[in-house]
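Notes for the one structure printed next.
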Amino acid sequence: MSTPVFRFAPSPNGYLHLGHALSALMNADMARAAGGRLLLRIEDIDESRCRPEYEQAILDDLAWLGIAWEQPVRRQGEHLADYCAALAQLAAQGLLYPSFESRADIAALVTERERHDTWPRDPDGAPLYPGSAGSMSPAERQRRLDAGEPYALRLDIAAAFACAGPISWTEEGQGLDGETGTVPADPGAWGDVVLARKDTPSSYHLSVVVDDAIQGVTHVVRGQDLFFATSVHRLLQTLLGLPPPTYHHHRLLLDSGGRKLSKSSRSTGLRELRAQGVTPADIRRMVGLS
């Protein structure tokens, strides 16, 4: 029987808060209980937001919490070739196409569509891709690529799902609506998702499944906010021939307004709590762990 492998994978684009502490501690606790391994991955592809000082703060906070992880730490920015190889594999299956609309163009298209009817949105609330780049002629695509136009590389979700067939995953935690056990995947709810951009070699969806496979991750323990994204991840795993891990989506910590804690809302960081004299044992109690 293989050794269970867990991972904690933060982005160094801000300081860790209590929500991160819950996820990191659950991964560490579950790895220890299973006699497994705990890996640390730094998801630093977004160079515009990631900072070395945030990465160091992550390492400091995790060590302060008493969490130990295996070396070396995998940093996504050091493995871009792995994501390019996955994109090439999907392109060879005819499942990718470039779209050239800007975010403002897409917003305008959605506004126009909604003059006649409600335009569908993905589980995160963002509108599905409304453009027609999927039907653009190969010659026109190449002309625009050769001209150096910015683009987003999208997965043709309908073609991809037809290629993969029905898929599901094993859920040992719980979805937002109480889903557990064998959960059928619904990648179509996300539309033609972006897997890369001209200036960004990989999206979260692509890099996370590639990293998990390369690192031999067997158990993905993460917040319920990523429950529905698992449909896309299972689709990509199937298309790329990657082994699926077991998933465990855990409860989210909410602020006084009922919103999940986040870096963007400047939720109180672990470093601030530490400076106030809070102990690691206090943190465990604050996130609801014994």
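Rule-based calculations on the coordinates, nothing more; no lab input. Values in this document were obtained by computation on a predicted structure and should not be read as measured data. Note that each Cβ is placed from the backbone with ideal geometry, even for glycine, and that neighbours are counted across all protein chains shown.
Tabulated results
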quantity: Inter-probe distance in nm under a simple model that places probes 7 Å from Cα toward Cβ, at A104 and D60; calculated: 4.0 nm
quantity: Among L270, L62, L254: highest mean-square fluctuation, GNM of the chain, C-alpha pairs under 10 Å; calculated: L254
quantity: Label corresponding to volume of the Cα convex hull per residue in Å³ when calculated from the structure given, among (1) 126; (2) 155; (3) 212; calculated: (2)
quantity: Over the chain: helical MRE at 222 nm, DSSP H runs n ≥ 4 each giving -39500 (n - 2.57), nearest 500; calculated: -11000 deg cm²/dmol
quantity: All-pairs Cα distance distribution in region 207-248, expressed in whole percent, bin size 10 Å; calculated: 30, 63, 7
quantity: 10 Å Cβ shell holding at most 16 others, DSSP loop, trypsin sites (Lys or Arg not before Pro): longest site-free stretch of the chain; calculated: 116-197
quantity: Under 5 Å, built H, 5+ apart or other chain: amide partners of L252; calculated: Q224
quantity: Residue with peak Gaussian network fluctuation, the chain [Cα springs, cutoff 10 Å], from D212, D177, D122; calculated: D177
quantity: Net charge of Cβ neighbours under 15 Å - reference P244; Lys, Arg +1; Asp, Glu -1; calculated: -1
